[in-house]
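As structure tokens, the structure follows; a few thoughts come after it.
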Amino acid sequence: MYRILFASFFALLFVNVSCTQKGLPTNSTATQETKNLYSNLKNLSEKGVMFGHQDDLAYGVGWEYEEGRSDVKSVVGEYPAVVGWDLGSLELGKDKNLDGVPFDKMRSYAEQIYAQGGLNTFSWHLNNPVDPAKTSWDKEESTIRKLFADQEAMNRYKSWLGDVATFLKSLKGPDGEVIPVVFRPLHEHTGSWFWWGKDYSTPEEYIKMWRFTVDYLRQEEGVDNILIAYSTDRFNSREDYLERYPGDKYVDIIGFDIYHRPQPGEEDNFVAEARGMVDILREIGQEKGKVWALTETGLETLPDADWWTNTLLPIIKDSGLSYVLVWRNGRPDHYYAPYPGQESAEDFKEFYNSPETLFGQDVANQRLYK
Ligand code: BMA
């Protein structure tokens, strides 16, 4: 009896120690490649900031679905280190996402990025599970509260999570292994433009929603190939950032989204503001032993010729950020990465050449999954 007690005591101690080890992701049953990824991301963040671009391989300004093409690569000769994708509309049974990217193409691009040694991150602009005809942006009071009180809506949400799980688990590497990716649900919740935003839910409701989502994916759907990213929008203090934080067991990567939107006639404080947020993020990240990232940013249509070295670089320099991702090159009036001849293209080459930034080849050499 004593022997059993003694053994269980040490077993518990061991489990506890290994769960709180700083190099491990929160999911103890994560695949080995996912665990490797997490500890490699930590190490790599000491060397530089990976550059990321949403939908990079799928389309750019003036082209779509051309094999081997990427606006970033057309300018600097290399793919970004990180590519972002969005799962919005998967839950509606569509074969293309909300921005027209076919899910089967998304899968093969993500597999290509992995095979090259890069990182994929997935956001999800999902419709409203209580009223599925409504998009992420259709304002709806108390969706989360209603969801937990309505069995039909909850069953719908569970089946949507099932669709997400099926897709994420279908991403395969060259040896048949499941590809580890970053999953960044319920983002920008310190703003109020999505139904899960600040004005439409209480902190308790948001946290409940987050935990349910993560638990369901891991426990019911057995998704063991994701690192979970928590990403707010603008925040003004550490307390503000953490108000809806679901807890250390539910988050691997902490981040935030912030766009540069200069207003005519107003002073432009973007660098100082964004840097202030990065510094708060770093402090929280160090304390909690998490990875931190600037999960979305950009200046639409890049009219500042030196935006990369004069705005973005001072925000991310010596920050310990794992990556910075700019949004999609969706249309001639809605793009965030340069293309050949674009006003900021020369400066982007300088940004690329900076020892602070890491692109496709740099990370391939780091073997993120080994
Ligand atoms: C927004 C815009 C939209 C797009 C959405 C989801 O910022 O780019 O056009 O549908 O992101 O990707």
Output row, site Ala149, 7 Å Cα→C-beta label point, backbone N cut-off 13 Å, window the range 244-260, residues none
How much FRET efficiency would the formula 1/(1 + (r/R0)^6) give for Ser192 and Ala115, where r is the Cβ-Cβ distance and R0 is 35 Å, rounded to 0.05?
0.30
Compute and list, largest first, the equivalent-ellipsoid semi-axes of the chain from the alpha carbon gyration tensor, each √(5λ) rounded to a whole angstrom.
31, 25, 22
Can you bin the range 141-235 into rounded, prolate or oblate? Criterion: square roots of the alpha carbon gyration tensor eigenvalues sorted a ≥ b ≥ c, rounded for a/c under 1.5, prolate for a/b above b/c, oblate for the rest.
oblate
Residue order, fewest to most surrounding Cβ atoms within 10 angstrom, among Ser108, Ser70, Ser354:
Ser108, Ser354, Ser70
What residue among Leu302, Leu358, His334 has its Cα farthest toward the positive end of the dipole of the chain, where the charges are +1 on Lys, Arg and -1 on Asp, Glu, each on the Cβ?
Leu358
Write down the percent of antiparallel bridges among all DSSP beta bridges whose residues are both part of the range 2-364, to the nearest 5.
15 percent
Gyration tensor (alpha-carbon) shape descriptor, the range 238-360, a/c threshold 1.5:
prolate
Can you list the aspartates and glutamates whose alpha carbon is less than 15 Å from that of Lys73, not counting same-chain residues fewer than 8 positions off?
Asp55, Asp56, Glu64, Glu346, Asp347, Glu350, Asp362
By its C-alpha gyration tensor, with a ≥ b ≥ c as the square roots of the eigenvalues, how is the range 77-154 shaped: rounded for a/c under 1.5, else prolate for a/b larger than b/c, else oblate?
prolate
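Placing unit charges on C-beta atoms (Lys and Arg positive, Asp and Glu negative, everything else neutral), compute the dipole magnitude of the chain about its Cα centre in debye, rounded to 20.
Working: 39 positive and 58 negative charges, 327 e Å.
Here the chain has a charge dipole of around 1560 debye.
Going down the table (Lys290/Lys317; Lys47/Lys208; Lys288/Lys317), which pairs top 24 Å between alpha carbons?
Numbers: Lys290/Lys317 19 Å; Lys47/Lys208 36 Å; Lys288/Lys317 21 Å.
From Lys290/Lys317; Lys47/Lys208; Lys288/Lys317, over 24 Å: Lys47/Lys208.
Please list the helices of the chain that count as membrane-span-like by this rule: a mean Kyte-Doolittle hydropathy of at least 0.5 together with Cα atoms stretching 20 Å or more along the helix axis, each helix being a complete DSSP H run. Don't skip to the end; give the middle numbers.
Values: long enough: 2-20 (27 Å, 1.58); 151-169 (26 Å, -0.54); 270-288 (27 Å, -0.09).
Helix filter hits for the chain: 2-20.
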Return the distance in nm (one decimal) between the two label points of a simple spin-label model at Arg331 and Gln32, each offset 7 Å from Cα along Cα→Cβ.
4.8 nm
Of Val251, Gly117, Phe51, which is farthest along the charge dipole of the range 2-364 in the positive direction, counting Lys and Arg as +1 and Asp and Glu as -1 at C-beta?
Val251
Within the range 89-103, find all residues whose amide N lies under 16 Å from a label point positioned 7 Å from the Cα of Glu140 along Cα-to-beta-carbon.
89-93
At 0.36 nm per residue, minus the direct Cα-Cα distance, what do Glu204 and Trp63 gain on full extension? Give it in nm, one decimal, please.
46.3 nm
From the helices alone, meaning DSSP H stretches of at least four residues, give me the mean residue ellipticity at 222 nm for the chain, per-run term -39500 (n - 2.57), in deg cm²/dmol to the nearest 500.
-11000 deg cm²/dmol
Any idea how far apart Leu92 and Arg367 come out in nm if each label point goes 7 Å out from Cα toward Cβ?
4.4 nm
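Values in this text are rule-based calculations from the coordinates and carry no lab data. The shown structure was predicted, so the numbers you read here are calculated from the model rather than taken from an experiment. Neighbour counts are summed over all protein chains in view; Cβ atoms, including those assigned to glycine, are modelled from backbone coordinates with ideal geometry.
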